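Take a look at the structure below.
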Amino acid sequence: MKFPSTLSALYFIPPVLIATLSAQDADIITKWDVQLPPPIVQEEENREVPAVDPVPIQFDVLTSRTKEVYVQETPEMPDLPPVEGKIKVTIQKVADPGLPDPPPPLPALPPDDPAVIARMEELRETYRGTELIFVSSSVYMETKDSPECRTLLRIYPNGQTGNEVVAWTNLNLLHLCGQGGYRLNLDDGTYQDFGLLMGISPIYIENMRRLAATHAGREYQEPEIPELPDLATAGPSFVLVEGDAASPAYATLEQIHDLFRLSGDTIKAQHLAREQARVERKAFLLANPPKPKDVTIRVWRRTPTQISQEQAR
């Protein structure tokens, strides 16, 4: 698929608003202070936690019954064969192994706990909460390996269809799959998190043409894509084709493009790492097809303990 490369393409679409900034400038110009959210779990450097295998429980089996069952389990990935085969299901009646009672629930933190009060005050001063944004996008590429793409992007603020915006962008939104969202830092020192609920699909033009050719008299109607500069040379750019620039969805559109201006290399690297891990995992599963595991179910009559008796009162 050849994307338009002349400004004449703009005359064949409705009036649009064009936003484009150069990513090659010494100082990247952005309107919004956006960043990738920090990891939920902060990994400590050089932290070594030795793995401790649990001590196996010795069961005194009273009766046992085994039956072969054919099972079919969902594969780890959607394009792999199902995990299927015969397994042995064993049901055993055992003597009470005398397992200790589970620990009692932790007491509720007192409302005047200094640590709790300090943390709540910090959140009130700096954190404005999390807002969910619904994003629908179709990523058009000539082939799966094409370096260039165009994405038709539709944004719904808080799922409201009345304020949505529609735009064409030169970003590959597939790179955001698995990212989850971004953080917006505000001028008053506070910040707000945005979670992206994405419905996204790649569309390979060559495959669509081939599919249409298999049906007599049909031809694939390629979308009319407006003029957009090359991402590598001009940076993230978009053309607004529907919606109002005063809508909060338009602010989201700008923020996503600023996020790519500031962290585009990191976003792409993280996407490629996830994809490489997926490819390696798939190859491993194909070379080592998993088999369903046997199942053993043990039941026993528990001897009442002092704690359980007190809880039953």
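The values are calculated or read from the model by the stated rules, or taken from the named source; none is laboratory data. The structure presented is a predicted model; accordingly, all values stated were derived computationally and were not measured. Ideal geometry is used to build each Cβ from the backbone, glycine not excepted, and the neighbour counts take in all protein chains shown. For accessibility, only protein heavy atoms count, side chains too; no ligands or nucleic acids. Shrake-Rupley method; radii C 1.70, N 1.55, O 1.52, S 1.80 Å.
Within region 166-184, residues that are at positive phi have Cβ atoms under 7 Å from residues that are of a type in the set (Gly, Ala, Ser) and part of a strand (DSSP E or B) in these pairs: Gly180/Gly195; Gly181/Gly195, counting only partners at least 6 apart in sequence or on another chain. Restricting attention to region 176-204, the residues being of a type in the set (Ser, Thr, Tyr) and within 18 Å of the chain's Cα centre (by Cα) number 2. Give region 218-236 a look and list any residue that's open to solvent by 30 Å² or more (accessible area, probe 1.4 Å), touching a residue at least 40 places away in the same chain (Cβ under 8 Å) and either more than 29 Å from Ile29 (Cα to Cα) or of a type in the set (Val, Ile, Thr) (or both), or say none. Answer for region 218-236, where residues must be open to solvent by 30 Å² or more (accessible area, probe 1.4 Å), touching a residue at least 40 places away in the same chain (Cβ under 8 Å) and either more than 29 Å from Ile29 (Cα to Cα) or of a type in the set (Val, Ile, Thr) (or both): Glu222, Pro223, Glu224, Thr233. Within region 122-139, residues that are under 29 Å from Val166 (Cα atoms) reach partners that are open to solvent by less than 50 Å² (accessible area, probe 1.4 Å) and part of a helix (DSSP H, G or I) with beta carbons closer than 7 Å, at six or more positions or on different chains, in the pairs Ile133/Thr252; Ser137/Leu173; Val139/Leu173; Val139/Leu174. Filtered by the rule that a residue be loosely packed, with under 10 Cβ neighbours inside 10 Å and either on the phi > 0 side of the Ramachandran plot or of a type outside the set (A, V, I, L, M) (or both), region 99-114 gives Pro100, Pro102, Pro103, Pro104, Pro105, Pro107, Pro110, Pro111, Asp112, Pro114. If you go through region 61-95 and keep only what is surrounded by 11 or more Cβ atoms within 10 Å (Cβ to Cβ), charged (D, E, K, R) and assigned to a strand (DSSP E or B), you end up with Glu73, Glu84, Lys86, Lys88, Lys93.
What tally of residues in region 191-203 results from selecting those that are of a type in the set (A, V, I, L, M) and open to solvent by less than 30 Å² (accessible area, probe 1.4 Å)? Adding up the residues that qualify gives 1. Picking from residues in region 144-190 that are open to solvent by less than 50 Å² (accessible area, probe 1.4 Å) and among the hydroxyl-bearing types (Ser, Thr, Tyr), the one that is modelled with the lowest pLDDT is Ser146. When every residue of region 123-133 is checked against the conditions, at least one turns out to be aliphatic (A, V, I, L, M) and either within 30 Å of Ile225 (Cα to Cα) or buried (at least 18 other Cβ atoms within 10 Å of the Cβ) (or both).
Could we say that Leu197 is modelled with pLDDT of 90 or more, farther than 13 Å from Thr169 by Cα, touching a Phe, Trp or Tyr at 6+ places or on another chain (Cβ under 6 Å) and not β-branched (Val, Ile, Thr) here? When the stated conditions are applied, Leu197 passes them. Collect the residues in region 115-147 that are in a helix (DSSP H, G or I) and of a type in the set (Lys, Arg), keeping them in residue-number order. The answer is Arg119, Arg124.
Quick check, is Ala213 closer than 22 Å to Ala269 by Cβ and surrounded by fewer than 12 Cβ atoms within 10 Å (Cβ to Cβ)? Spelling it out, it is not the case that Ala213 is closer than 22 Å to Ala269 by Cβ and surrounded by fewer than 12 Cβ atoms within 10 Å (Cβ to Cβ). Per the listing Glu206, Glu242, Glu222, the residue uniquely acidic (Asp, Glu) and modelled with pLDDT of 90 or more is Glu242.
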